[in-house]
Amino acid sequence: MERVMGGGMLPLVLASVGVLVLYRILVRRRPGAALQDAVVVITGASSGLGKECARVFHAAGARLVLCGRDAARLQQVVQELKANSTGTQHQTYTPSTVIFDLADTSTVHRAAEEILKCYGQVDVLINNAGISYRGNILDTHLSVQRDVMETNYFGPIALTQALLPSMVRRRSGHIVVISSVQGKIAIPYRSAYAASKHATQAYFDCLRAEIEHYGIPVTVISPGYIRTNLSLNAVTGDGSKHGVVDKTTAMGSDPRDVAQAVLKAVRHRSKDVVLAGPLPSLAIYLRTLWPALFFKLMASRARKERKLKDE
Ligand SMILES: NC(=O)C1=CN([C@@H]2O[C@H](COP(=O)(O)OP(=O)(O)OC[C@H]3O[C@@H](n4cnc5c(N)ncnc54)[C@H](OP(=O)(O)O)[C@@H]3O)[C@@H](O)[C@H]2O)C=CC1
Ligand SMILES: CCCCCCCCCCCCCCCC(=O)OCC(=O)COP(=O)(O)O
């Protein structure tokens, strides 16, 4: 009897694996949703990943609303996009800009109204803007913990909540947030940043479940290190700028590749995407499956960082 079952199981397992592989190939090959004429709002579009997202969504024919705090830098992005419009496969549009500070949630409602006035609707909101932090919890002012939370968490959720009713009315739209590997694992000397990204992950996971029945997908994207100004602009425990391009940042992924991955995730309405190498990905699994080992590794990482600082 056992031999009969064993002999019968193998083809079944092989067939299941075959179906799974075929499914994955087909899913990868799906062209995904078209973005021609879609109204795409990108926060933090003046630099780094946001600017590269602006490039790829513009080239895909989206009508962009670019957001940031610095009008001149955003205008520069608009000029660059206009200059690169010729020869693209799709019809392209000159982006609109809306200037506001995400850390000042009292202005976010007005900004949302301004965003909606641009094209009368929002098809994709990409919450990308953010700042990072470096510091030791013992020496970090509570105001710094709060400020990072305002920019990375309260700002994006205020903007999302202000734009959501118009999406619900149309039963159409897509909410995207750029989180981080640090939204899934917390590493030493990043408390404010990791906490803000964990909060982001939790909020948007709740939102996904709550608005699924309106046909509005929620995509959380968690990249590893990217070559941008993030570490340069990071704040320290006393609120001053870190002002250094860290080695990890300098050796990170090309923001153009990450922007292409964001485009793909939007087209495929992916729910949760980790864009990182094998070690961070392993660390994410370890945090859930073997937390004791993960905590040991993080303590050792903290020891090493302390030693480097003391030298
Ligand atoms: N670089 C990396 O290694 C990684 C980055 N990420 C995430 O990617 C996202 C983009 O960061 P990245 O491109 O790397 O960094 P950059 O510093 O290059 O870009 C950050 C952007 O956020 C905007 N921004 C910052 N603070 C505010 C604010 N208070 N109000 C409005 N806009 C603001 C900045 O605009 P301006 O200053 O012009 O107003 C800038 O355009 C962030 O959410 C970050 O956490 C995730 C994983 C890794
Ligand atoms: C049994 C063997 C297990 C091996 C497990 C290895 C564990 C390695 C730990 C890896 C930690 C990776 C941290 C990655 C952090 C990251 O990518 O963050 C992205 C950012 O948001 C960067 O922001 P920052 O301001 O920190 O530059």
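Where nothing but the Cβ of Lys and Arg (+1) and of Asp and Glu (-1) is charged, how large is the charge dipole of the chain around its Cα centre, in debye to the nearest 20? Don't jump to the answer; show the numbers that get you there.
Values: 38 positive and 24 negative charges, 159 e Å.
I would put it at about 760 debye.
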CD proxy at 222 nm, helix term only [per DSSP H run n ≥ 4: -39500 (n - 2.57); per residue of the chain; nearest 500] | -17000 deg cm²/dmol
Can you bin segment 201-271 into rounded, prolate or oblate? Criterion: square roots of the alpha carbon gyration tensor eigenvalues sorted a ≥ b ≥ c, rounded for a/c under 1.5, prolate for a/b above b/c, oblate for the rest.
-> oblate
Select from SER300, SER46, LEU164 the residue farthest towards the positive end of the dipole of the chain; place +1 on Cβ of Lys and Arg, -1 on Cβ of Asp and Glu, and compute about the Cα centre.
-> SER300
Any idea how far the Cα center of segment 174-253 sits from the one of segment 63-109, in Å?
-> 21 Å
Inter-site label distance for ALA34 and ARG169 at 7 Å from Cα along Cβ, in nm | 2.6 nm
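From the Cα gyration tensor of the chain, with a ≥ b ≥ c the square roots of its eigenvalues, which class applies: rounded if a/c is under 1.5, or else prolate if a/b is larger than b/c, or else oblate? Intermediate values should be presented prior to the final figure.
Numbers: a/c = 1.76, a/b = 1.09, b/c = 1.62.
It is oblate, given that a/c is not under 1.5 and a/b is not larger than b/c.
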Applying the span-like rule to the chain (DSSP H, Cα extent along axis at least 20 Å, Kyte-Doolittle mean at least 0.0) gives 2-29, 155-170
Nitroxide proxy distance, nm - points 7 Å out along Cα→Cβ at ASN84 and HIS109 = 3.8 nm
In the chain, with Lys and Arg counted as +1 and Asp and Glu as -1 at Cβ, which of these residues, ILE175, SER270, ASN84, has the Cα nearest the positive end of the dipole, that is, farthest along it?
-> SER270
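If you place +1 on the Cβ of every Lys and Arg and -1 on the Cβ of every Asp and Glu, how big does the dipole about the Cα centre of segment 123-276 come out, in debye to the nearest 20?
Values: 17 positive and 12 negative charges, 85 e Å.
Here the size comes out at about 400 debye.
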Cα-projected label distance for VAL245 with LEU22, points at 7 Å along beta-carbon direction, nm = 4.9 nm
Listed by chain and number, the lysines with an alpha carbon less than 16 angstrom from that of LYS307, same-chain partners under 8 positions apart left out, are none
The chain: relative contact order in percent, alpha carbon pairs under 8 Å with at least 6 residues between | 17 percent
Starting from the eigenvalues of the Cα gyration tensor, five times each then square-rooted, give me the equivalent ellipsoid semi-axes of segment 35-136, largest first, whole Å.
-> 23, 16, 12
By Cβ neighbour count within 10 Å, fewest first, LYS184, LYS247, LYS264 rank LYS247, LYS264, LYS184
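No value in this document is a laboratory result; all are computed from the given coordinates. From a predicted model like this one, the values you see are computed outputs, not experimental measurements. Methodologically, a virtual Cβ is constructed for each residue, glycine included, from the backbone with ideal geometry; neighbour enumeration extends over all protein chains shown.
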